[in-house]
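Report on the structure given below.
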Amino acid sequence: MRLTRKDVSLGVARLMPHILRGIQLEFFVRRGVTQTQFLVMGAIRAYTRCPMGTLARNLHVTMPTASGIVERLVRSGFVRRVPQADDRRQVLVELTPKGRAFFQDFEQVVRRRWEEALVSLEPHELAAFHEVVTKLRGQLQAAGR
């Protein structure tokens, strides 16, 4: 049987819940972060500094909804608002050191889950997997995704 991109992408999609299993309880709940807040912080992280309007549009939520989520993240110390010097009506949001540390911790948890999943691979399979993952990351970064 010849594999298609659809077959492989479905395999990856079905693998991800197993990788992420337990992370919500192990990670998010202990830090008091909801999944929605995690998605908002992830979007902010992707932009480094993000205008509120861009954040709301890209998350497909209204400006009041985005503002409410950001306000809770500000109160929790994960995000800060930064007024623009040339237009004080324009507010940018960025992760604080606590917010950046949150993602560093998250990456470590996900890394450990992947290590558990990869234990059954032979060295040559690990090398091939690493090559593919590296190529995909580069492609997605170049495309701005």
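The values are calculated or read from the model by the stated rules, or taken from the named source; none is laboratory data. Computed from a predicted model, the values in this text were never measured in an experiment. Positions of Cβ are backbone-derived with ideal geometry, glycine not excepted, and every protein chain shown enters the neighbour counts.
For the condition under 26 Å from F27 (Cα atoms) and exposed (fewer than 12 other Cβ atoms within 10 Å of the Cβ), V133 qualifies.
When R81 is tested against (1) over 19 Å from the mean Cα position of the chain (by Cα); (2) over 30 Å from H18 (Cβ atoms); (3) outside any strand (DSSP E or B), only condition (3) is not met.
Residues are listed down the side, and each one gets a yes or a no for (1) among the hydroxyl-bearing types (S, T, Y); (2) under 14 Å from the mean Cα position of the chain (by Cα); (3) loosely packed, with under 12 Cβ neighbours inside 10 Å; (4) modelled with pLDDT of 90 or more:
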{"position": "P51", "(1), (2), (3), (4)": "no, no, no, yes"}
{"position": "V61", "(1), (2), (3), (4)": "no, no, no, yes"}
{"position": "T65", "(1), (2), (3), (4)": "yes, no, no, yes"}
{"position": "S76", "(1), (2), (3), (4)": "yes, no, no, yes"}
{"position": "V109", "(1), (2), (3), (4)": "no, yes, no, no"}
{"position": "S120", "(1), (2), (3), (4)": "yes, no, yes, yes"}
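Residues checked against (1) outside any helix (DSSP H, G or I); (2) within 17 Å of the chain's Cα centre (by Cα); (3) over 18 Å from L55 (Cα atoms):
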| site | (1), (2), (3) |
| --- | --- |
| D87 | yes, no, no |
| G99 | no, yes, no |
| A117 | no, no, yes |
| V132 | no, no, yes |
| G138 | no, yes, yes |
| Q141 | no, yes, yes |
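The single residue among A101, A85, A117 that is touching a residue at least 24 places away in the same chain (Cβ under 8 Å) and either in contact with a His (Cβ under 8 Å, 6 or more places away or on another chain) or not β-branched (V, I, T) (or both) turns out to be A117. Filtering segment 37-62 to residues that are touching a residue at least 24 places away in the same chain (Cβ under 8 Å), aliphatic (A, V, I, L, M) and out of contact with any Lys or Arg (no Cβ under 9 Å at 6 or more places or on another chain) leaves V40, M41, I44, L55. Once segment 1-23 is narrowed to residues that are over 15 Å from A117 (Cα atoms) and assigned to a loop (DSSP other than H, G, I, E, B), the residue that is nearest to the chain's Cα centre (by Cα) is T4. Annotation note: of I69, I19, the sole residue that is surrounded by fewer than 16 Cβ atoms within 10 Å (Cβ to Cβ) and under 27 Å from A143 (Cβ atoms) is I19.
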